[in-house]
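Okay, so here's the structure we're looking at.
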Amino acid sequence: DKLAQRWGKPVVVENRPGPDALVAVNALMTARDEHTLLFSFGGPVTINPVMNDKLPYDPERDLVPIVSASDSFLAIGATAALKINSLRELQTRARAEPGKLNWAATPGMPQFAFAGYVVASGVDMTQIAYRDFGPAFQDVAEGRIAAVAAGLLPLLGLSQGGKVKILAVTNRQRSPAAPDVPTASESGFPDVVAEGFQGFFGWRDMPAALRDQIAADVRAVAPEMPVDQLANLGQVVRVGST
C-alpha cells in the first residue's frame, strides 16, 4: 500500500506458488514489461544454484537483486516425545544413539541449517526426505521424526499444542514472536546461522537508475511497515542494499 501511494499507481501482488520459486521466476522472465518485479526469498539466487545442476534461468543474469525487505525466522524443533529442551541435549541424545535419530527439513535454507548443525555437533542422524512437507509436521508431532528444521511460524503452532519443543532459531537474533527461544549461537553453535530474507528482484538488464530508485523507495517506506503483523508471520523488517 505504501509503495502504491508513493508511485501513484496500484501495486498488485500476484502469488505464484511453486517449487523453489521457479514458477514465480518464470513469470518475471516471461513478463519483460518493465512493470513486473519478483518478491521472493533468496533461494532463486542462493540455494537453487547449489541444489540444481541445471536451472531454467541464469541466476547471475536473469535476476537483478534490488533490495531486501524482511527476514523470516527459521527454527529447529524436536518432538516432545524426546523430552529434550536444547540443542546441546539433542546432541547428547544423538551421540548416545548414533544413527537412530532422524530429522527432516523444509527445502532450502532450513535443510542447510540442520545439516550444518549435524556437522557442528558431530552427530550421526538420518535425514528423511518428503515430497510434500505437510506430513513431516504430523510425523514430528507424533514422534515418528525426532527433529525438524522449518520456518518458525508452523513450529509455533505445534509447540503451543505441546507436540514440539522449539530448541533454537537459526537467525542472528531472537524472534519477537518467541522471545524465550534462544538462537543457535546462544545455544553453543555459533556456526549454525541461517536467515530467510525476502526481497525484490528485477529483470535482466534492468536500468541501474531504476533499480536504485526502487530500492530507495522501499527503504523510504520501511519505517511504516506493519511490524506487529510481520512478527505474527515470523518475520522482522530488515531493509538492506544489494
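The values are calculated or read from the model by the stated rules, or taken from the named source; none is laboratory data. Everything quoted here is computed from the prediction, not taken from an experiment. Cβ atoms come from the backbone with ideal geometry, glycine included; neighbour counts cover every protein chain shown. What goes into the accessible areas is simple: the full protein's heavy atoms, side chains included, and nothing from ligands, DNA or RNA. Shrake-Rupley method; radii C 1.70, N 1.55, O 1.52, S 1.80 Å.
Distance from the Cα centre of the stretch 58-127 to that of the stretch 187-208, in angstrom? Cα centres, the stretch 58-127 to the stretch 187-208: 17 Å. Residues of the stretch 174-203 with an amide N closer than 18 Å to a point placed 7 Å from the Cα of VAL227 along the Cα-to-Cβ direction: 174-180. Note on ALA120 and THR36: the extension gain reaches 26.1 nm, defined as 0.36 nm multiplied by sequence separation minus the Cα-Cα distance. Springs join every pair of Cα atoms under 10 Å in this Gaussian network model of the chain, and among ASN85, ASN15, ASN48 the largest mean-square fluctuation is at ASN15. Restricting the calculation to Cα atoms, every distinct pair contributes to the Kirkwood radius of the stretch 105-242, found to be 17.1 Å. Within the stretch 2-126, the proportion of Cα pairs with more than 22 Å between them is 52 percent. Counting heavy atoms of the protein chains alone, LEU55 has an accessible area of about 40 Å² for a 1.4 Å probe.
Other residues with beta-carbon under 13 Å from the beta-carbon of ASN48 carry, at +1 per Lys or Arg and -1 per Asp or Glu, a net charge of -4. The alpha-carbon positions of the stretch 54-136 define a convex hull whose volume is 158 Å³ per residue. Expressed as a whole percent, the accessible surface of the chain that belongs to carbon and sulfur atoms is 51, based on a 1.4 Å probe. Take the stretch 91-172, drop everything but the C-alpha atoms, weight them equally and run the Debye formula without solvent; then report log10 I(q)/I(0) at 0.14, 0.20, 0.25 Å⁻¹ to two decimals. With one equal scatterer per Cα and no solvent, log10 I(q)/I(0) is -0.43, -0.92, -1.41. Contact order, relative form, for the stretch 1-121: 19 percent (alpha carbon pairs under 8 Å, 6 or more residues apart, mean separation divided by residue count). The alpha-carbon positions of the stretch 139-189 define a convex hull whose volume is 77 Å³ per residue. For the stretch 170-212, a Kirkwood radius taken over Cα pairs fed into Stokes-Einstein (25 °C, viscosity 0.890 mPa s) yields D = 187 µm²/s. The largest accessible area among THR30, THR183 belongs to the first residue in THR30, THR183, and the rest follow in falling order (1.4 Å probe, all chains). Considering only Cα atoms, the convex hull volume of the stretch 30-80 works out to 136 Å³ per residue.
Label-to-label distance for VAL13 and ARG238 is 2.0 nm, based on points extended 7 Å past Cα in the beta-carbon direction. Amide hydrogen proximity for PHE197: with H placed 1.01 Å from N in the peptide plane, the residues at 5 or more positions away or on another chain lying under 5 Å are GLY42, SER72. Each principal axis of the chain carries a Cα extent, and these read 59, 39, 29 Å when sorted largest first.
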